[in-house]
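FYI, it's all coordinate maths here, none of it is from the lab. As the structure is a computational prediction, the values presented were derived from the model and not from experiment. Positions of Cβ are generated from backbone atoms using ideal geometry, with glycine treated the same way; all protein chains shown enter the neighbour counts.
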């Protein structure tokens, strides 16, 4: 009897899936079209798991009962089409791992903010003493962790690509932060396809589960009118009073569950660890999640106080001669930039650009006119940024070098200003990824700081 499982892609998730599949008695074969990193090759060799790199042996792959595919591999490539045509199921590592876990899952998705919300939720629950793990689109492979399956709950960051390969998965708490056009090249340039992908986070949920969503998001609100939702709905809003959820009122977060005010969180007291409206949404999601798990709300503030966000998300880098430098390289779409600019409390020299995703920059017009005095366009092709903003910003500067961008931005700044890297675009024209872009930005800022060491405060 054929018991072969094929893993396509030998990164963190693929290697973890291979380990779990072997532990469950399957014959495992790992195939990666690219070069496998040494650390993963060593793991596969140590476990005597056969693998190939630089190619896909189609005959071996098609002689399998299941394929676990890396989320980075599109469904539309010929190999995946042939696998499906052979009636072989193609699933994600998360789907595979959850089939072997007794834990409950907190699933977090959205076009923006999911990493911050995942990390904050995990941090809060762990600080409150819960036996909780962290996985998904962040940290160690869920499949690898499920080998021991020692946690009662896992907090999962889930991308649309991961959700596309999930079928039997059921969350106990699902959080949907927002839906804005993104990755449409993977969805036949049909926004509805992407919306449907995000809503897979609530599939298989029951009336005893909870669905937390941002009610001010028009796309989510309109989509909910079309759907039957099984779990308890818990809304988050910055503008409206929620009868079941959390909302902002008189500069305080109120948590209201079944018409009972559970807790006030006073923003004037600077009780919360993250700034900006978008982070209020993220914070309310974490607070609601902990509330529905029966945690003591009186301990939330103390539990969150020492939270540190992931890099490249409104990350303070340095202050040089009174000019703050902020790294928001993770802002790869317009919606992320909107929240970043909205949170700025001083004049901004904005560094943006890269590979455009079909961006509609008009939604930034008001914020840009009020807050941005110079735009440094950093990309191979800056024409679209020029068309969008040349009549709205006093000065536009072109560059295709990060060090040059930092230096030119600093030349335009005065004491009290902010230099903000918030690109609104993918990074692949000049960098490996958004992390590489953010790290190079930080390096350039720190080199600049050395020139002004006596006047600088580097973090």
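Some points to look at:
- Axis angle, to the nearest 10 degrees, between helix 277-292 and the longest C-alpha principal axis of the chain: 40 degrees.
- The chain: relative contact order as a whole-number percent, Cα under 8 Å and 6+ apart: 11
- Helix 114-127 axis, angle to the chain major axis (alpha carbon atoms, nearest 10°): 80
- Modelled FRET efficiency - R0 51 Å, residue 149 with residue 415, Cβ distances, 0.05 increments: 0.40
- Overall Cα dimensions of region 126-181 - principal axes, largest extent first, Å: 36, 25, 20
- Rounded if a/c under 1.5, otherwise prolate or oblate - region 342-430, Cα gyration tensor axes: oblate
- When the square roots of the Cα gyration tensor eigenvalues are ordered a ≥ b ≥ c, the ratio a/c for region 183-328 is 1.5 or more and a/b does not exceed b/c, which makes its shape oblate.
- Percent of beta bridges antiparallel (DSSP, region 95-304, rounded to nearest 5): 30
- The value obtained for region 379-454, namely the Cα convex hull volume divided by the number of residues, is 99 Å³ per residue.
- Counting neighbouring beta carbons within 10 Å and listing from fewest to most, the residues 350, 338 come out as 338, 350.
- Distance (nanometres) between label positions extended 7 Å along Cα→Cβ at residue 228 and residue 360: 3.2
- Here residue 131 and residue 78 are evaluated by their C-beta separation; at R0 = 51 Å the FRET efficiency comes out at 0.70.
- Debye-formula intensities of region 4-91, expressed as log10 I(q)/I(0) at q = 0.12 Å⁻¹, are -0.30 (one equal scatterer per alpha-carbon, no solvent).
- Averaging 1/r across all pairs of distinct Cα atoms in region 90-199 and inverting the result yields a Kirkwood radius of 14.2 Å.
- For the chain, share of DSSP beta bridges that run antiparallel, in % to the nearest 5: 25
- Taking 0.36 nm per residue of sequence separation and removing the Cα-Cα distance, the residue 311/residue 86 pair yields an extension gain of 76.8 nm.
- Footprinting exposure proxy ranking of 93, 316, fewest other C-beta atoms within 10 angstrom first, gives 316, 93.
- Legend: calculated FRET efficiency, residue 184 to residue 433, from the Cβ-Cβ distance at R0 = 22 Å, rounded to 0.05, equals 0.70.
- Structural descriptor for region 95-304: relative contact order 21 percent, calculated from alpha carbon pairs under 8 angstrom and at least 6 residues apart.
- For region 95-304, the alpha-carbon radius of gyration amounts to 0.97 times the rule-of-thumb value 2.2 N^0.38 Å expected for a compact globular protein.
- Prolate/oblate/rounded call for the chain, Cα gyration tensor, a/c under 1.5 rounded: oblate
- Taking a point 7 Å out from the Cα of residue 266 in the direction of its Cβ, the residues of region 285-312 whose backbone N falls within less than 15 Å of it are 301-302.
- Separation of region 1-38 from region 308-335 is 37 Å, based on Cα centroids.
- Centre-to-centre separation between the Cα atoms of region 379-437 and those of region 67-131: 33 Å.
- Exposure proxy order (Cβ contacts within 10 Å, fewest to most) of 442, 127: 127, 442
- 0 to 90° range, to nearest 10: angle between helix 434-451 axis and the chain longest Cα axis: 30
- Adding -39500 (n - 2.57) for every DSSP H run of four residues or longer, then dividing by how many residues the chain holds, sets the calculated 222 nm ellipticity at -9500 deg cm²/dmol.
- Label-to-label distance, residue 100 versus residue 451, with points set 7 angstrom from Cα along the beta-carbon direction: 5.5 nm.
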